[in-house]
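Beneath this line is the structure, given in structure tokens, with notes to follow.
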Amino acid sequence: MGTFKAVVVDKGDQGYSCGFRSFDDAELMEGDVTVRVTHSTVNYKDGLALTGKAPVVRRFPMIPGIDFAGVVEASSHPDYKPGDPVVLNGWGVGETHLGGYAERARVKGDWLIPLPKGLSAAQAMAIGTAGYTAALAVIALERHGLTPERGPAVVTGAAGGVGSVAIALLAKRGWRVIASTGRPHEADYLRGLGADEIIDRAELTGPGKPLAKERWAAGVDSVGSTTLANVLSMTRYNGAIAACGLAQGMDLPTSVAPFILRGVALLGVDSVMASKERRFEAWALLERDLEPSRLAAITTTIPFDEVIGMGAKILAGEVRGRVVVEIG
Ligand code: NDP
């Protein structure tokens with residue numbers, strides 16, 4: 001028992017607050033595994049929690065951080081013993097259950113997965129929930145029967161976390177990748193990850209037509225709104241788009257035309273409550289097909305003390321790739 005350093009968000013008479021404070025073991029929530037957190041990351045949802053820009057936090061006080069990697073300190077779960085390296089993504093951690101921006105976390109062992117053997121804790125968090133979601137999206141497209149021979153794949157929000165990992169995975173798996181970005185100065189970065197073509201996201205953000213010229217067979221969209229509507233309207237016959245994000249907006253102003261006239265499929269991707277089986281599949285794909293040099297190119301590492309300021313930056317679209325937070 002003892003105290004540890006944590007980022008804590010709270011809501012009171014003064015409004016929403018976020019800062020570092022000493023947290024006590026006794027304040028941790030129920031769980032059968034206690035983890036010494038070594039690394040966490042900054043995902044878009046963490047930006048929302050740190051800033052209070054959207055109500056993702058549903059319990060106060062809350063330690064944000066929707067994912068972490070660390071080492072088991074204590075466990076009464078049959079699958080884990082002290083010293084085991086573990087990873088956690090989602091399950092409401094950082095939203096309804098105290099999260100990863102802390103030197104210690106206590107969670108249900110069923111939420112954890114063992115750290116994949118081929119990855120360090122820092123690499124697992126460089127991938128983080130954004131990268132694991134990109135893997136779920138690629139799996140969804142391929143499970144739908146799509147292959148690189150069917151045509152190119154578009155990735156929206158290309159320079160962001162989901163987008164960067166999606167590009168690297170799709171390229172490695174033989175896809176021709178079209179990267180849509182609002183940051184043309186990141187063209188070399190995106191090509192380095194495996195993008196074959198870069199398009200200006202302005203081509204997709206405006207109001208579109210129900211059907212437009214067919215441009216791609218598949219897509220990973222982390223942007224939503226008119227971008228997703230345009231991506232659907234430009235998808236080839238019997239193609240599919242995996243939708244996983246809302247960086248532009250939660251709305252989807254589209255029509256049924258792509259679905260009923262071109263047989264296009266819209267595949268929903270959720271990482272938070274995904275089954276253990278899907279998680280293992282996604283992490284195995286990442287371990288196998290995400291080249292370490294590309295992962296390194298995607299990653300920026302920051303000390304724990306700088307995590308709060310990253311929240312506003314990721315919401316402003318100023319973070320390139322993925323941010324690893326070194327905790328302890
Ligand atoms: P990032 O901020 O790293 O990436 C989002 C990217 O979207 C930005 O880098 C930018 O790319 C683009 N973008 C931002 N604002 C706009 C805008 N107004 N219009 C068009 N494009 C925009 O976030 P993450 O990669 O961490 O997350 C991406 C999305 O996926 C978020 O909405 C997040 O909530 C969601 N997500 C969902 C998960 C799930 O389980 N379904 C899990 C993880 C994430 P560029 O600069 O290249 O244009």
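Read-outs throughout are calculated quantities, based only on the coordinates presented, and are distinct from any laboratory measurement. Just so you know, these numbers come straight off a predicted model, no measurement behind them. Virtual Cβ from ideal backbone geometry, glycine too; neighbours counted across all protein chains shown.
The table for this structure:
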item	result
Options 256, 194, 223, ranked by Cα towards positive dipole end of the chain, top entry (Cβ charges)	256
Under the span-like rule (Cα at least 27 Å along the axis, Kyte-Doolittle mean at least -1.0), DSSP H helices of the chain	121-143
Residues of type lysines that residue 45 reaches as a straight line, Cα spacing below 20 Å, ignoring anything fewer than 8 places off in the same chain	11, 53, 313
Over region 19-88 - Rg/Rh using Cα atoms and the Kirkwood inverse-distance radius	1.00
Residues 283, 111, sorted so that the one with the fewest Cβ neighbours within 10 Å comes first	111, 283
Helix-only [θ]222 nm of the chain, DSSP H runs n ≥ 4, -39500 (n - 2.57) each, per residue, nearest 500	-9000 deg cm²/dmol
Fewest-first ranking of 3, 226, using other Cβ atoms within 10 Å as the exposure measure	3, 226
Taking all pairs of distinct alpha-carbon atoms in region 128-268, Kirkwood radius in angstrom	14.3
Pairwise FRET efficiency - residue 16 versus residue 176, Cβ, R0 = 51 Å, nearest 0.05	0.70
D (Stokes-Einstein, µm²/s), Kirkwood Cα radius, the chain, 1.567 mPa s at 4 °C	65
Residue 60 versus residue 260: modelled label distance in nm, points set 7 Å from Cα along the beta carbon direction	4.6
Exposure proxy ranking, count of Cβ atoms within 10 Å, fewest first, for 97, 77	77, 97
Contour minus Cα-Cα distance for residue 147 and residue 275 (0.36 nm per residue)	43.6 nm
Between region 31-57 and region 167-211, the Cα center-to-center distance that results, in Å	28
Label zone at residue 26, where the point sits 7 Å out along the Cα-to-Cβ direction: region 57-95 residues whose backbone N lies under 16 Å	none
Candidate aspartates and glutamates for bridging to residue 81, where Cα separation is under 16 Å - those fewer than 8 sequence places away on the same chain excluded	32, 73, 110
Mean Cα-pair separation over length for region 128-268, i.e. relative contact order, pairs under 8 Å, 6 or more apart, %	23
For region 218-328, convex hull volume per residue from C-alpha positions, Å³	153
Approximate spin-label separation residue 187-residue 73, in nm, with each point projected 7 Å along Cα-to-Cβ	5.0
